[in-house]
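Asker: Please see the structure below; I have some questions.
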C-alpha cells in the first residue's frame, strides 16, 4: 500500500508519533520519583544516626553526673563532711578544666564526658550547695552530638 492508496481507505491514517513522547514522559517521571525516594532514604538514614548519637551523648552526660555524685558523696573513706565534699568537688572541677573520661563500654565507645563542680556556701555558712555540670559528646564520623546535664545537691 502506498501513500496514494490512503485515500481509498479513510480509516487508515499515518502514525502521528504520540506513543513515543508519552513513553518518554513516563520514564522521566519515574526517574524523578526514584531520585526523590533515594534522597529521602539517605536523609532518613542520616537522621537515625544523628538521633542515635544524640541519645548516646545524653547517656554519657548522665553517666558523668552519676560519677560526680558518687565521688562527691560516696568516694571518701572518711565520714562525710562539708569540708570533705567541697574538697572532692574541687578535685572534680580540677581548676575549671573538669574531669574528662572516655568510655570503653560497647554502647558509649565513641563518647566522652566532662564534668565540672562548683560549691557555694549559704550566707550563714550552714549549707553548701553543689552544682554539677556534665557534658557528654559522641561522634560517628561527621556526626557529632553534645548534651549537657546539670545536677544540684546540698549538704548541711
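Each reported figure results from applying straightforward, stated rules to the coordinates on display, with no laboratory input. Everything quoted here is computed from the prediction, not taken from an experiment. Because the Cβ atoms are built from the backbone with ideal geometry, glycine has one as well, and the counts that use them run over all protein chains shown.
Asker: Expressed as a whole number of Å, what is the distance separating the alpha-carbon centroids of region 20-60 and region 66-137?
Answerer: That distance is 44 Å.
Asker: Please give the peptides 114-122, 26-34, 61-69 ranked by average Cβ packing (other Cβ atoms within 10 Å per residue), highest first, as a rough proxy for protection.
Answerer: 61-69, 114-122, 26-34
Asker: Same structure again: Measure nothing fancy, just the Cα-based angle from helix 19-73's long axis to the longest principal axis of the chain, in degrees from 0 to 90, nearest 10.
Answerer: Once rounded, one gets 10 degrees.
Asker: I'm a student and want to see the number: the projected area of the Cα convex hull of the chain, averaged over all directions, in nm². Could the numbers behind the result be given before it?
Answerer: Values: hull surface 72.3 nm².
Projected over every direction and averaged, the Cα hull of the chain covers 18.1 nm².
Asker: If we sort 129-139, 80-90 on the protection proxy, mean other Cβ atoms within 10 Å, highest first, what's the order? If you can, show how the numbers build up before the last one.
Answerer: Values: 129-139: 20.8, 80-90: 16.3.
Highest to lowest by the protection proxy: 129-139, 80-90.
Asker: Only Cα pairs under 8 Å and at least 6 apart count here; give the relative contact order of the chain as a rounded whole percent.
Answerer: Result for the chain is 23 percent.
Asker: Sort the following peptides by mean Cβ neighbour count (other Cβ atoms within 10 Å, averaged over residues), highest first: 100-108, 35-43, 148-156.
Answerer: 148-156, 100-108, 35-43
Asker: With axes computed from alpha carbons, what is the tilt in degrees of helix 82-93 against the longest principal axis of the chain, rounded to the nearest 10 within 0 to 90?
Answerer: 40 degrees
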